[in-house]
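Peer 1: Here's a structure for you.
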Amino acid sequence: MSNQWLELAFRVIITLWLVAVAVWDSIARRIPNWLVLPVALLALGWQVYGAIRGNPDGLIFALGAWVVLYTMWRAHVFGGGDAKFLMALFAMFPTAQFLLLFSLVVLAVSIPIIVIKYVGPRLRGSLGRAQRRTLEPGLLPTAENLRTRGQPFSWTFALPGVLYLWLGRF
């Protein structure tokens, strides 16, 4: 019975952390290091512990995800706070099932947001700007563009974490 309470407490604490990151990002438009780095390092430490005990799969997956996320951050696909938040998520849930759920949920949520944002009279102008942007050098935004014009969408990253935590196996 105490094991069930520990599992429930873990799920509640991680859910509260995911909500806190999403709310903080929505209000402040940034994700502070103190909010994500301790969780990322604890989760990676847990994967190191699992590797020492004979199951290196989680550590290998998490480190691979960290390399990809770091590269995406350096290429300005998204900002540093988002990268660190994703590093924490993929260290907590280092499985192909989470990667699949994450990808599907982010796409399912993001595509309608993008369509709604650009449908209507602004569509032609937006498409023209997008076409001009793809023809210009520097297809990806600069760090300054991310800092000044980046959108707080970390909630789209937190949602798959909550779903996986409560509906999946961790």
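The numbers here are math on the coordinates, done by the rules we state, and not lab data. Remember, it's a predicted structure, so these values are computed and weren't measured experimentally. Reconstructed Cβ throughout: ideal geometry from the backbone, glycine too, with neighbour counts over all protein chains shown.
Peer 1: Only sites in a loop by DSSP and with at most 12 other Cβ atoms within 10 Å count here; which trypsin sites (Lys or Arg not before Pro) in the stretch 43-90 make the cut?
Peer 2: Those satisfying the criteria are ARG53.
Peer 1: Could you give the length gained by full extension between VAL106 and LEU163, i.e. 0.36 nm per residue of separation minus their alpha carbon distance, to one decimal place?
Peer 2: Result: 19.3 nm gained on full extension.
Peer 1: Modelled label-to-label distance, LEU42 and ILE13, 7 Å Cα→beta-carbon offset: nm?
Peer 2: It works out to 0.5 nm between the two label points.
Peer 1: Order of SER26, SER154 from fewest to most other C-beta atoms within 10 Å?
Peer 2: SER26, SER154
Peer 1: Still on this structure, please answer the following. Return TRP5, TRP166, TRP73, TRP46 ranked ascending by Cβ neighbour count within 10 Å, so the fewest neighbours appear first.
Peer 2: TRP5, TRP166, TRP46, TRP73
Peer 1: Another one. Taking square-rooted eigenvalues a ≥ b ≥ c of the alpha carbon gyration tensor, is the stretch 1-46 rounded, prolate or oblate, where a/c under 1.5 means rounded and, failing that, a/b exceeding b/c means prolate?
Peer 2: oblate
Peer 1: Using the 10 angstrom Cβ neighbour count as an exposure proxy, how do MET72, MET92 rank, fewest first?
Peer 2: MET72, MET92
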